[in-house]
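S.K.: Before I ask anything, here is the structure I am working with.
The values are calculated or read from the model by the stated rules, or taken from the named source; none is laboratory data. In this text the structure is predicted, and so the values were computed from the model without any measurement. Neighbour counts are summed over all protein chains in view; Cβ atoms, including those assigned to glycine, are modelled from backbone coordinates with ideal geometry. Quick note on the areas: whole protein, heavy atoms, side chains included, nothing else; ligands and nucleic acids left out. Shrake-Rupley method; radii C 1.70, N 1.55, O 1.52, S 1.80 Å.
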Amino acid sequence: MSKTDSDDDFTEFAGTVFWPRGTADLTDTTRCPACHSQLHSPVCSNCALDLRHPAAALLLTASTDAAASLSHRTALIGRIRFDVAEAQAQAADLVASRAPLAASVPESAPVSVPVAMRMPPPAAQAPAPALTPRAQRPPSAPGAGATVSVPGAPRRSSVQILLLLVGVTLVSVAAIFFLTVAWIYAGLEVRSAIIALITAAALVTAGVLRRKRLVATAEGIGALAVVLVLLDAWALRQNDLFGLASADGPAYWGVTLVSCTVLFLFWHAVSGLRVASVAGFAAAAPGLGLLAAGLAAGQDGTTRLFVGLLGAAVGALLHPLTLPRGTADGSTGARPGPTSTTPAAPVPHRFWPAVDRVPERAAILVLGGMALVGAALTATVVAPDSTLAPLVTLGAVTVAALLHQLPFVQRATPGSAYAAFASGCAALTALALTAITPLVAYRADNLTLALTVPILVAVSIPLAVEVYARRRS
């Protein structure tokens, strides 16, 4: 393909470009001018921008000029605000100085005014003289405790929020009480119909209120809807609807929580409610863990516990969905969307809301980490009579830990919480691989195998990682 020297012809090849968060991003030579990541070499490790190109000097000049233009723009805004504030202050002083003169005229002495003077003034009057702003000091900014009125911005007081929380809590308690009384006195059909209608109404109402931008009320009703859905699942089993009372407990609740995960995440995608996102991600790992334990109903308790913990660790693999679109670590969630011409804004998405889900990510990473550690510990005591059982169990833990690392191998930034989780998974992977051979040798009662192979494995793992790191760099 042929190109001219015009910079505009190459705009379509810009790739990832984040809008600067301030003038410092335009003038800081220690950060990448495209994605604002910390530079450790002339080639950005995040977006692969090569600053050894001859046009890099022109890029720095353009960035410096843009920073100066933005600073001049901010100064002009400040000048406008300063001049207007000073004009208003002088007008107020002028009105205050005329007030004593008007009050000094006695009311008991009527003044004869000619008819011509009582005529209303003409519509077009001479313009008021221009007010020259005083240059002694700029207008004082509002204090720290002052409230700035923004037209069109919703106002919520702490009392409103408190009343909303209390109301949602009371309605939730009333729903629990109503459900308890309903299944004691009413028939099964009446109970199921009433509860289903109330739950559906709460789900729909929360979504409608969210679309009308009544966010706090919608989130409160959404929390009530989450409680009602879980109560419905519990009531179905207690009322023995469709014979569910005889179903295996872990299997039933596993299917229920996995279904709730799908329902809540779909609800979040359609309505944008954060309470649905929190509930959906929080139910994913326990749901898949209980489902896996239910599928292993014919095994002994230890094996069933291991399968359940491993299933929960696999369920926690949803954590990349908690990141904003186009990122692979938690550090980029607060950055502006990748664009070369538009200001900072969340990246639009046709279906999945592009927000940084920090509480959801924290919950699912904690649950996934606990499940991985629990599965690794339980794997050592599964099937003690089998010699090769540690190979299967610890091998499964290794695969699960590797799957948790894969989203961060390319883009995790050192020092972030997400990269720390990936490092923990890497350490668990190495530990699980190293522990397989000693356990197999111990169960096989082979001293030679127990003394030689673990050392070879422990040395091979860091060498393999070093070779991979060098090829990647």
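S.K.: Tell me the label-point distance for the pair Thr448, Leu76, using the 7 Å Cα-to-Cβ offset, in nm and rounded to one decimal.
M.R.: Here the modelled spin labels are 8.5 nm apart.
S.K.: Please compute the net charge surrounding Leu367, taking Lys and Arg as +1 and Asp and Glu as -1 over other residues with Cβ under 13 Å from its Cβ.
M.R.: Cβ neighbours under 13 Å give a net charge of 0.
S.K.: Follow-up question, since we're still on this one. Using the basic label-point model (7 angstrom from Cα toward the beta carbon), what is the Ser246 to Ala85 distance in nanometres?
M.R.: Placing both labels 7 Å along Cα→Cβ, they lie 7.8 nm apart.
S.K.: Please report the relative contact order for the stretch 15-102, taking Cα pairs under 8 Å with a sequence separation of at least 6, and give it as a percent rounded to a whole number.
M.R.: Relative CO of the stretch 15-102 lands at 20 percent.
S.K.: Roughly how many Å² is the accessible area per residue of the stretch 190-298, as a whole number, for a 1.4 Å probe? List each step's numbers first, then the result.
M.R.: On the way: 4830 Å² over 109 residues.
Dividing the accessible area of the stretch 190-298 by its residue count gives 44 Å².
S.K.: Of all trypsin sites (Lys or Arg not before Pro) in the stretch 189-222, which ones are in loop regions per DSSP and have a Cβ with at most 14 other Cβ atoms within 10 Å? Walk me through the numbers on the way to the answer.
M.R.: Details: sites: Arg191, Arg210, Arg211, Lys212, Arg213; in loops: Lys212, Arg213.
The qualifying sites are Lys212, Arg213.
S.K.: Take the Cα coordinates of the stretch 250-298, assign each an equal point scatterer, and use the Debye formula without solvent to give log10 I(q)/I(0) at q = 0.15, 0.22, 0.27 Å⁻¹.
M.R.: -0.37, -0.65, -0.82
S.K.: Follow-up. May I ask you to order 61-74, 391-404, 432-445 by the average number of other C-beta atoms within 10 Å around their residues, highest value first?
M.R.: My ranking of the peptides, most packed first, is 391-404, 432-445, 61-74.
S.K.: Report the net charge of residues surrounding Ala276, where surrounding means a beta-carbon distance below 13 angstrom and charges are Lys +1, Arg +1, Asp -1, Glu -1.
M.R.: +1
S.K.: Whole-Å semi-axes of the stretch 156-292's equivalent ellipsoid, largest first, each the root of 5 times a Cα gyration tensor eigenvalue?
M.R.: 27, 20, 12
S.K.: Now for a different question. R0 = 45 Å: FRET efficiency of Ala200 with Ala417, Cβ-based, nearest 0.05? The partial results should precede the final answer.
M.R.: Working: r = 38 Å, r/R0 = 0.84.
Calculated transfer efficiency: 0.75.
S.K.: So, R0 is 60 Å and r is the distance between the beta-carbons of Glu189 and Leu406; what FRET efficiency does that work out to, to 0.05?
M.R.: It comes out at approximately 0.75.
S.K.: Pull out the extension gain between Ser97 and Thr180, defined as 0.36 nm times the separation in residues minus the alpha carbon to alpha carbon distance; nm, one decimal. Let's see the in-between values first.
M.R.: On the way: separation 83, 0.36 × 83 = 29.88 nm, distance 7.34 nm.
Gain in length upon complete extension: 22.5 nm.
S.K.: If you take the C-alpha gyration tensor of the stretch 26-90, multiply each eigenvalue by 5 and take the square root, what semi-axes do you get, largest first, in whole Å?
M.R.: Square roots of five times the eigenvalues give 38, 12, 6 Å.
S.K.: Label Val366 and Ala57 with points 7 Å out from Cα along Cα→Cβ: what is the distance between them in nm?
M.R.: It works out to 5.4 nm between the two label points.
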